[in-house]
Amino acid sequence: MVGILITAGPTREYLDDVRFLSNGSSGRMGSALAEAALADSHTVYLVLGPVELSPPALATVCSVTSALEMQAAAEHWFPQCDIVLAAAAVADFRPLVRQAGKPPRQNAAPSLQLVPNPDIIAGLAVRKGSRVMVGFALESAAASMAQAVARGREKLERKQLDLVVCNRSDAIGMQASEAVLLFADGRQVTLTMQNKSMTAAAIVRASVSLWQQKLRAL
């Protein structure tokens with residue numbers, strides 16, 4: 001049995017008590033990854049941003065809102081896991097100052113100061129040890145898959161990951177998607193358009209296989 005940490009869904013970075021920065025991630029892929037891992041009898045720790053989906057009943061779930069909350073939850077479960085699947089669409093920035101209440105609308109455009117959010121998967125990868133670190137590289141629907149793969153390969157190397165899953169933004173909220181798996185050893189596997197549950201199962205199998213290879217090499 002393998003311990004698998006999964007981050008899923010978007011984060012919300014509140015400007016005040018009502019308004020926030022976020023994205024359109026539905027959390028479907030993260031939920032599908034959790035279901036696939038549970039179906040193979042693995043232990044699942046799911047850190048879940050604000051989504052409408054109900055998480056799998058057998059997963060250990062921590063619901064979060066912001067990137068900082070997601071980081072703290074991932075750090076908490078990291079020692080328990082063998083594999084990290086970072087499928088969450090974490091907001092790149094958050095407001096420097098969160099205003100209280102709901103400020104009234106102004107005729108003049110307000111000035112908004114933003115600061116970078118932490119790169120959660122990169123922060124964990126620097127101390128991964130024998131763990132398998134899997135990132136996701138989402139590109140614009142206007143980008144070609146070749147462009148997505150090139151950027152995904154750069155992300156894999158820069159963040160010291162073992163596997164990166166490349167897909168495009170037209171997969172957001174959809175039941176099916178196309179993806180390319182990029183491995184640190186140079187391999188590349190294309191998953192043609194299929195239900196996300198099938199894609200998730202392939203990602204889980206590939207990740208567990210990498211972990212088993214690492215164990216044999218110890």
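The values are calculated or read from the model by the stated rules, or taken from the named source; none is laboratory data. Everything numeric here is computed off the predicted structure, so don't read it as measured data. No Cβ is skipped: glycine too gets one built from the backbone with ideal geometry, and neighbour counts run over all protein chains shown.
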Among (1) more than 15 Å from the chain's Cα centre (by Cα); (2) at pLDDT below 95; (3) under 27 Å from Glu52 (Cβ atoms); (4) hydrophobic (A, V, I, L, M, F, W, C), Leu215 falls short only on (3)
Out of all the residues in segment 110-121, is one or more in a helix (DSSP H, G or I) and under 28 Å from Arg216 (Cβ atoms)? yes
Scan segment 13-63 for residues that are touching a residue at least 40 places away in the same chain (Cβ under 8 Å), among the small types (Gly, Ala, Ser) and farther than 16 Å from Ala88 by Cβ and jot them down. Ala36, Ala39, Ser41
Does segment 94-106 include one or more residues that are basic (Lys, Arg) and closer than 20 Å to Ile203 by Cβ? no
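For segment 95-110, give me the residue count where each residue is touching a residue at least 24 places away in the same chain (Cβ under 8 Å), loosely packed, with under 11 Cβ neighbours inside 10 Å and touching a strand residue (DSSP E or B) at 6+ places or on another chain (Cβ under 6 Å).
Looking only at that region, the number is 0.
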Given the criterion farther than 16 Å from Ile120 by Cβ and either touching a helix residue (DSSP H, G or I) at 6+ places or on another chain (Cβ under 7 Å) or of a type in the set (A, V, I, L, M) (or both), identify the matching residue among Leu58, Leu68, Leu48, Leu5. Leu58
If a residue must be outside any loop (DSSP other than H, G, I, E, B), closer than 20 Å to Leu181 by Cα and in contact with a helix residue (DSSP H, G or I) (Cβ under 9 Å, 6 or more places away or on another chain), how many such residues does segment 122-154 contain? 9
Pro79 meets each of (1) under 30 Å from Ala202 (Cβ atoms); (2) part of a loop (DSSP other than H, G, I, E, B); (3) free of Cβ contacts under 8 Å to residues at least 40 places away in the same chain with one exception, condition (2)
Whichever residue in segment 7-56 is outside any loop (DSSP other than H, G, I, E, B) and among the polar types (S, T, N, Q) and, among such residues, is modelled with the lowest pLDDT: Ser31
Residue that is farthest from Ala67 (Cα to Cα), among those in segment 111-129 that are surrounded by 10 or more Cβ atoms within 10 Å (Cβ to Cβ) and either touching a Gly at 6+ places or on another chain (Cβ under 6 Å) or at pLDDT below 95 (or both): Leu112
